[in-house]
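The structure under discussion appears below in the form of structure tokens.
The values are calculated or read from the model by the stated rules, or taken from the named source; none is laboratory data. Computed from a predicted structure; not experimentally measured. Ideal geometry is used to build each Cβ from the backbone, glycine not excepted, and the neighbour counts take in all protein chains shown.
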Amino acid sequence: MSTDQMANKNHQSMLAVCVNEANSLYLKQVPRPEAKDGQLLIKVTATALNRADLLQKRGLYPPPPGESDILGLEVSGEIAGIGPGVRTSWKLGDTVMALLGGGGYAEYVAVPEELVMPVPSQLTLCQAAAIPEAWLTAYQLLHLIAKVKPNETVLIHAGASGVGSAAIQLVRLCRAVPIATAGSSEKLRFTERLGAAAGINYREKDFSEEVLHFTAGRGVDIILDCVGGSSWEQNVRSLAADGRWVLYGTLGGKTVDGDFLGKLLMKRGNLLCSLLRSRSLQYKAELVRSFTEEILPHFQLTDPPLLPVIDSTFNMDDIENAHQRMEANKNIGKIIIKIGKS
């Protein structure tokens, strides 16, 4: 192979995190994507971990058809290529963040232009990597699914997670009242610093009793629930009449035993279910547009401004330790991965 051919081959490859047959992560050179029609090519600076990554690594959450099988649902970086048919005014070198269907654990990713957002000027690219998946999920759950209103009370499970920390701030922004659950006093203190009106340690107390005490027996208007089966009875007890229970994860199991439907019916409760990754491009594009217009300015203009919460930062070659930290539930906020050779 000639020197020119070798140079061209290297130019067309990139470093990515891959999964082996033992469900372990390792670094590998893979083909670099190209920006196709309507896409932007992003040179990735950072990505962030999500629970979906842990599931996909174990073969439990495959990517939607047509998406990269490389892990990673959000990135920040610079525009390195503009595909044909792009209608927006992005330029090479612009700093951006993007929502992905996959492919974020790599040096480059091609993204539909509709899913790319500008980085607020006062944020670093590592901070920006913590926004797309978590904040768009929280915004979707609160505003598109639950349709939160001022003065309503919102129970947020896993309040110290990426989605939870975003949801607390968004509930406050719309002048509603957030209550958070978490599994340690450290995490609860953190949620209260973010603006939670109350924090409940679900490991030590029946959270429904604490919710009913806080709300003088009424219950909450909205529950954001990533836990599912194991806590259904407490969730039903926590729900106000005609309340909205939004299920977006099943970390506590997918099955329920007992009089679930009867108890929910007595509350006239609304059980709403939502996932973001499997949504259509049109849906995601509208979500990104709405978030960019309605929420993104508050990362700069609000006092205090909205802020993505960073738990820790790892280099790309330390990805297994990053995953282990999330699997052990040690993180408060988002775990960031710097992309590229350390």
- Subset tally (residues that are farther than 25 Å from A130 by Cα and assigned to a loop (DSSP other than H, G, I, E, B)) for the range 163-216: 7
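One line per residue, one yes/no per condition, for (1) under 14 Å from A167 (Cβ atoms); (2) crowded, with 21+ Cβ neighbours inside 10 Å; (3) among the β-branched types (V, I, T):
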position: F190; (1), (2), (3): yes, yes, no
position: G199; (1), (2), (3): yes, yes, no
position: T215; (1), (2), (3): no, no, yes
position: G219; (1), (2), (3): no, yes, no
- Task: Could you please give the count of residues in the range 39-64 that are over 26 Å from D318 (Cβ atoms) and surrounded by fewer than 17 Cβ atoms within 10 Å (Cβ to Cβ)?
- Result: 1
- Restricting attention to the range 304-342, report how many residues are out of contact with any strand residue (DSSP E or B) (no Cβ under 7 Å at 6 or more places or on another chain), without any contact (Cβ under 8 Å) to a residue 40 or more places away in the chain and closer than 17 Å to A52 by Cβ. 1
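With the requirement that a residue be among the aliphatic types (A, V, I, L, M) and either surrounded by 13 or more Cβ atoms within 10 Å (Cβ to Cβ) or modelled with pLDDT of 95 or more (or both), what does the range 282-309 give you? Before the answer, list the steps.
Narrowing the range 282-309 to residues among the aliphatic types (A, V, I, L, M): 285, 287-288, 295-296, 301, 306-307, 309.
Once the filter is applied, which keeps residues that are among the aliphatic types (A, V, I, L, M) and either surrounded by 13 or more Cβ atoms within 10 Å (Cβ to Cβ) or modelled with pLDDT of 95 or more (or both), the range 282-309 yields A285, L287, V288, I295, L296, L306, L307, V309.
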- Item | Residues being of a type in the set (G, A, S) and either part of a loop (DSSP other than H, G, I, E, B) or surrounded by fewer than 21 Cβ atoms within 10 Å (Cβ to Cβ) (or both) - total across the range 111-128 | 1
- Message: Looking at (1) closer than 30 Å to C18 by Cα; (2) in the same structural domain as G164 (by TED's automatic domain parsing); (3) of a type in the set (S, T, N, Q); (4) buried (at least 18 other Cβ atoms within 10 Å of the Cβ), which one does S231 not meet, given that it meets all the others?
- Response: (1)
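Tally up the residues in the range 76-96 that are of a type in the set (G, A, S), in contact with a strand residue (DSSP E or B) (Cβ under 6 Å, 6 or more places away or on another chain), touching a residue at least 24 places away in the same chain (Cβ under 8 Å) and in a loop (DSSP other than H, G, I, E, B), please. Talk me through it step by step, then tell me what you get.
Going residue by residue through the range 76-96, those that are of a type in the set (G, A, S) are 76-77, 80-81, 83, 85, 89, 93.
This time we only want the ones that are in contact with a strand residue (DSSP E or B) (Cβ under 6 Å, 6 or more places away or on another chain), so: 76-77, 80-81, 83, 93.
After this cut, where a residue has to be touching a residue at least 24 places away in the same chain (Cβ under 8 Å) as well, the list is 76-77, 80-81, 83.
If we keep only those that are in a loop (DSSP other than H, G, I, E, B) as well, we get 83.
Residues in the range 76-96 being of a type in the set (G, A, S), in contact with a strand residue (DSSP E or B) (Cβ under 6 Å, 6 or more places away or on another chain), touching a residue at least 24 places away in the same chain (Cβ under 8 Å) and in a loop (DSSP other than H, G, I, E, B): 1 in total.
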- Out of the range 245-295, which residues are free of Cβ contacts under 8 Å to residues at least 40 places away in the same chain, of a type in the set (S, T, N, Q) and over 18 Å from V148 (Cα atoms)? T250, T255, S280, Q282
- Residues in the range 46-62: is at least one part of a loop (DSSP other than H, G, I, E, B) and of a type in the set (V, I, T)? no
- Message: Considering only the range 65-78, I want to know if a residue exists there that is surrounded by fewer than 17 Cβ atoms within 10 Å (Cβ to Cβ) and at pLDDT 95 or above.
- Response: yes
- Query: So which residues in the range 135-155 are in contact with a strand residue (DSSP E or B) (Cβ under 9 Å, 6 or more places away or on another chain) and either under 17 Å from S280 (Cα atoms) or modelled with pLDDT under 95 (or both)?
  - Reply: L136, L141, I145
- Applying the selection to the range 247-263, what residues are buried (at least 18 other Cβ atoms within 10 Å of the Cβ) and out of contact with any Lys or Arg (no Cβ under 8 Å at 6 or more places or on another chain)? L247, Y248
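From the list M6, M1, pick out the single residue that is modelled with pLDDT under 95 and either assigned to a loop (DSSP other than H, G, I, E, B) or under 21 Å from the mean Cα position of the chain (by Cα) (or both).
M1
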